[in-house]
1. I'd like the full set of residues that are surrounded by 18 or more Cβ atoms within 10 Å (Cβ to Cβ), more than 16 Å from the ligand (Cβ to nearest atom) and either in contact (Cβ under 8 Å) with a residue 60 or more places away in the chain or closer than 15 Å to D180 by Cα (or both), limited to the range 120-145.
2. Answer with yes or no whether L117 is in contact with a Gly (Cβ under 6 Å, 6 or more places away or on another chain), part of a helix (DSSP H, G or I), within 16 Å of the ligand (Cβ to nearest atom) and in contact (Cβ under 8 Å) with a residue 12 or more places away in the chain.
3. Can we say L277 is in contact with a helix residue (DSSP H, G or I) (Cβ under 8 Å, 6 or more places away or on another chain), outside any helix (DSSP H, G or I), buried (at least 16 other Cβ atoms within 10 Å of the Cβ) and free of Cβ contacts under 8 Å to residues at least 40 places away in the same chain?
4. Anything in the range 41-77 that is touching a His at 6+ places or on another chain (Cβ under 6 Å) and assigned to a loop (DSSP other than H, G, I, E, B)? List them, or say none.
5. State all residues of the range 78-114 that are within 16 Å of the ligand (Cβ to nearest atom) and not in a strand (DSSP E or B); if no residue qualifies, say none.
6. What are the pairs with Cβ atoms under 6 angstrom where one residue, in the range 213-238, is farther than 15 Å from A252 by Cα and at pLDDT 95 or above and the other, located anywhere, is polar (S, T, N, Q) and within 16 Å of the ligand (Cβ to nearest atom)? Sequence gap at least six, or different chains.
7. Between residues in the range 74-87 that are on the phi < 0 side of the Ramachandran plot and residues that are basic (K, R) and part of a loop (DSSP other than H, G, I, E, B), which pairs lie under 8 Å by C-beta distance while being six or more apart or on different chains?
Amino acid sequence: MPPLSRRKFIAGSSLALIAADAAPQPGLHARARARGLFYGSAVNDDTLTNDPAVLGRIKAECGVLVGEAQFKWGDLRPDAKTFDFTRADALLAFATKSGLRMRGHTLLWHEGNPAWLEKTLTPANAEKLLVDHIRGVVGHWKGKLMHWDVVNEVIDSDDKQPLNLRKTLWQQALGARMLDIAYHTTAETDPSALRVINDYGTDYTLAWQDRKRGAMLDLLADLLHRKVPVQAVGLQAHLDGGEVTLDQKVLAKFVADIASMGLKVIVTELDVRDQRLPADIPSRDETVAAHARAWLDAVLSNRAVLGVLSWGISDRNTWLNGQFARADKLPQRALPLDAALNRTKLWSAIAASIDAAPVR
Ligand code: 9MR
């Protein structure tokens with residue numbers, strides 16, 4: 001037994017060491033706030049109802065949430081006359097109780113729709129269906145949501161429609177007027193929610209993505225010219241860690257072009273799929289992290305960017321294992337926390353990119 005004075009010294013220094021080790025690194029939202037940005041995540045109903053551990057980590061990392069499906073037609077509209085806000089309200093209640101803000105996603109999309117909508121929609125009833133939906137949904141949360149992804153994924157130049165619009169049920173019924181109706185009705189119903197146009201596939205210099213960036217800029221110019229009240233572009237950022245055509249200059253120019261129109265930009269659905277990368281976890285994580293860092297550095301360097309949300313917070317629960325499953329069946333490592341809820345190299349890359357962003 002060492003003398004008392006020696007014991008005290010040992011106890012004191014080990015306590016100090018523990019305190020230094022345990023001092024948690026600030027969460028992503030806290031770091032983002034220091035730069036005038038926000039950080040957040042999508043949350044699905046499964047996580048909200050069954051995974052309190054993930055919810056705890058969400059509170060530590062996030063300042064903003066978005067429903068992965070709860071605010072879409074499929075979840076909100078059991079039939080043409082009824083609104084069921086139960087699941088979406090439950091997520092908003094969690095967010096409010098936790099001091100988090102929420103985005104709304106989404107009011108017009110060609111997926112995530114109830115079967116009855118696809119059967120019912122005609123050119124004759126489409127405008128009324130869309131207006132009634134937006135008034136009902138946006139009105140229900142008036143003043144409570146910070147943004148609305150008013151329309152989602154409306155561009156696909158391969159479909160050869162006017163303005164490079166994707167050929168969808170809404171577009172076939174209403175043409176480009178679907179955008180006028182959706183943005184004006186949202187603006188009239190809740191003027192306080194920032195009105196976003198959200199899309200994917202503008203991240204790389206692949207030919208179809210070059211076309212998509214051009215199509216997005218053309219569409220924005222047309223909307224602004226016609227006084228359609230769109231206010232921001234959502235870059236989904238479903239990145240591919242195996243893709244080699246990431247060009248930071250092209251990306252930064254795209255964001256600058258959007259900003260020069262007076263519009264804001266939000267990174268709305270960040271994740272980095274890794275199904276083209278080797279199984280070895282350290283090297284996979286390294287590539288995923290470097291890829292995200294390069295993309296985020298290029299985008300966050302522009303002060304028009306308001307914040308970043310990832311499409312989920314933990315690898316425990318990501319859509320990628322369905323749609324982009326790895327051939328070796330290993331779970332993807334696409335999000336800032338791994339399945340054990342430890343921060344990954346991707347977390348560090350996001351943190352570093354946020355720290356390096358100019359203050360807004
Ligand atoms: O990740 C979402 C998945 O859980 C839903 O089943 C699906 C349909 O509602 O939507 C997925 O989210 C998509 C998002 O709404 C728009 N961008 C692509 C996302 C992944 O497909």
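1. A126, L129, L130, I134
2. Criteria not met by L117.
3. yes
4. Of the residues in the range 41-77, the ones touching a His at 6+ places or on another chain (Cβ under 6 Å) are 62-63, 66, 71.
Selection gives C62, G63, F71.
5. Correct list: P78, D84, R87, A88, L91, W109, H110, E111, G112, N113, P114.
6. The qualifying pairs are Q236/T268.
7. If the second residue must be basic (K, R) and part of a loop (DSSP other than H, G, I, E, B), the pairs left are F83/R77; D84/R77.
Residue-wise test of (1) of a type in the set (A, V, I, L, M); (2) surrounded by 21 or more Cβ atoms within 10 Å (Cβ to Cβ); (3) within 30 Å of L296 (Cβ to Cβ).
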position: K160; (1), (2), (3): no, no, no
position: N164; (1), (2), (3): no, no, yes
position: H184; (1), (2), (3): no, no, no
position: P191; (1), (2), (3): no, no, no
position: L194; (1), (2), (3): yes, no, yes
position: I197; (1), (2), (3): yes, yes, yes
position: Q209; (1), (2), (3): no, no, yes
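The values are calculated or read from the model by the stated rules, or taken from the named source; none is laboratory data. Source: prediction; values computed, not measured. As a convention, Cβ positions derive from the backbone with ideal geometry for all residues, glycine included, and neighbour counts pool all protein chains shown.
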